[in-house]
Amino acid sequence: MDDQYQLFVDSLELNTIETVEFGGARFRPGFAPQTKFSVETGYVLESGTIYFRFNVRAQLLEEEGRQESDEDTTDPLGELGVTLLLIFQFAEPNAEPDPEHIERFGSEQATTMAFPYLREAIQVIAQRLNFPGVVLPMIQTGETV
């Protein structure tokens, strides 16, 4: 880790992790052997605070091995969604961090912090809707999500 990035990391403190959205819907009965996940991430820097947003969506599909071109022909059995907000504050409120440091921190440390919450939430929602065995797959730290 380079010295400038390490200084950036050392200047941050996790303020809170907030659940912004947590829910799902079952549209019809059936077993869903396939789950299609999508993950969106982003951040906002405002007044010495960085807000990292993690949004996970899951479509529970009836047909295994569907092709991308078949997407419009089969409605999902259900959908799940979770959105988390990780809020970090700088020790120095007037800090002007390098955007590359923020993005690196988001793809490495913030993702590592958010992922267990996202994974558990998806699993809990799926269980409540009687879709057993739905688990958000593991990712590599630093992987673009």
### Query
So residue 135 fits all but one of (1) out of contact with any helix residue (DSSP H, G or I) (no Cβ under 7 Å at 6 or more places or on another chain); (2) free of Cβ contacts under 8 Å to residues at least 60 places away in the same chain; (3) part of a loop (DSSP other than H, G, I, E, B); what number is the exception?
(1)
#### Entry: Neighbours by Cβ (under 8 Å, 6+ apart or cross-chain): first from the range 107-122, within 23 Å of residue 10 (Cα to Cα) and among the small types (Gly, Ala, Ser); second at pLDDT 95 or above and surrounded by fewer than 16 Cβ atoms within 10 Å (Cβ to Cβ)
114/17
### Task
State which residue is nearest to residue 84 (Cα to Cα) when the search covers only the range 1-22 and only residues that are of a type in the set (Asp, Glu) and exposed (fewer than 11 other Cβ atoms within 10 Å of the Cβ).
13
### Task
Please work out which residue is modelled with the lowest pLDDT, limiting yourself to the range 35-83 and to residues that are among the polar types (S, T, N, Q) and surrounded by fewer than 16 Cβ atoms within 10 Å (Cβ to Cβ).
67
### Query
Identify, please: which residue in the range 84-110 is under 16 Å from residue 42 (Cβ atoms) and aromatic (Phe, Trp, Tyr) and is, among those, surrounded by the most Cβ atoms within 10 Å (Cβ to Cβ)?
88
### Task
Specify which of the listed residues (39, 9) is β-branched (Val, Ile, Thr) and part of a strand (DSSP E or B).
39
### Query
residue 125 is checked against (1) surrounded by fewer than 20 Cβ atoms within 10 Å (Cβ to Cβ); (2) closer than 19 Å to residue 27 by Cα and fails just one. What number does that condition carry?
(1)
### Message
Exactly one of these conditions fails for residue 25: (1) closer than 15 Å to residue 103 by Cα; (2) surrounded by 11 or more Cβ atoms within 10 Å (Cβ to Cβ); (3) modelled with pLDDT of 95 or more; (4) of a type outside the set (D, E, K, R). Give me its number.
### Response
(1)
### Query
What number goes with the only condition from (1) small (Gly, Ala, Ser); (2) farther than 30 Å from residue 92 by Cβ; (3) at pLDDT below 95; (4) exposed (fewer than 14 other Cβ atoms within 10 Å of the Cβ) that residue 32 does not pass?
(4)
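The values are calculated or read from the model by the stated rules, or taken from the named source; none is laboratory data. Everything numeric here is computed off the predicted structure, so don't read it as measured data. Because the Cβ atoms are built from the backbone with ideal geometry, glycine has one as well, and the counts that use them run over all protein chains shown.
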